[in-house]
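Throughout, read-outs are computed from the coordinates displayed, never taken from laboratory work. As the structure is a computational prediction, the values presented were derived from the model and not from experiment. Note that each Cβ is placed from the backbone with ideal geometry, even for glycine, and that neighbours are counted across all protein chains shown.
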Amino acid sequence: MPASVVLALVAPVSVPLPGPVRLVRSGRGCPACLDSYCFNPAECLHFLMVNVWADCDQCDGSGWSEEGSLSLFCEGCAGSGLVEYWPYSLPAGGVSDRAKARHAGHVVRLRTRVASVAVAA
Ligand SMILES: [Zn+2]
Ligand SMILES: [Zn+2]
């Protein structure tokens, strides 16, 4: 018997069990892809630029989930506080300053990501 087989028999490889599925996100998600890390920042940036984004109606733009929810952040907007609207279905007050500021923040974040990808390529 080769030594490697003996070793494998006496020292079984311990496979760590996967931890519990975490519903709690590590951070607020991107409004476009709902992921906290955009895998295609250029696409997200495009969606943010061509569509109308305003306060999420589920969390009123706070990004937090309702009390008692398993998730820390709002399920509707992944914590970004922004959801996509059709221009004619915008909330009565239009896009709030809060939503505009958050939207601008995401645009800056994505532009930076897109720029760094372009440099690395
Ligand atoms: Zn994204
Ligand atoms: Zn929300």
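Here are a few things to note about the model shown:
- Shown in residue order for segment 60-66 are the 3J(HN,Hα) couplings computed by the Karplus curve 6.51 cos²θ - 1.76 cosθ + 1.60 at θ = phi - 60°: 6, x, 6, x, 8, 7, 5 Hz (x for Gly and Pro).
- Residues whose amide H falls under 5 Å from that of TRP64, counting only those 5 or more places apart or on a different chain, are CYS74, with hydrogens built in the peptide plane.
- Distances between placed amide hydrogens fall under 5 Å for LEU82 paired with CYS56, all partners being 5 or more residues away or on another chain.
- Residues with amide H under 5 Å from that of VAL52, placed H, sequence gap 5 or more: TYR85
- Using θ = phi - 60° in the Karplus curve 6.51 cos²θ - 1.76 cosθ + 1.60, the 3J(HN,Hα) couplings for segment 75-83 round to 6, x, 10, 6, x, 6, x, 10, 10 Hz; x is entered for Gly and Pro.
- Label zone (ALA101, point 7 Å along Cα-to-C-beta; backbone nitrogen cut-off 16 Å) within segment 25-55: 54-55.
- In order through segment 93-109: 3J(HN,Hα) via Karplus (6.51 cos²θ - 1.76 cosθ + 1.60), integer Hz, x for Gly, Pro: x, x, 7, 6, 4, 4, 5, 4, 5, 5, 4, 4, x, 5, 4, 4, 4
- Inverse of mean 1/r across different Cα pairs in segment 37-120, Kirkwood, Å: 13.6 Å
- For segment 27-65, chymotrypsin sites (Phe, Trp or Tyr not before Pro) meeting the loop criterion (DSSP other than H, G, I, E, B) and having at most 11 other Cβ atoms within 10 Å: TYR37, PHE39.
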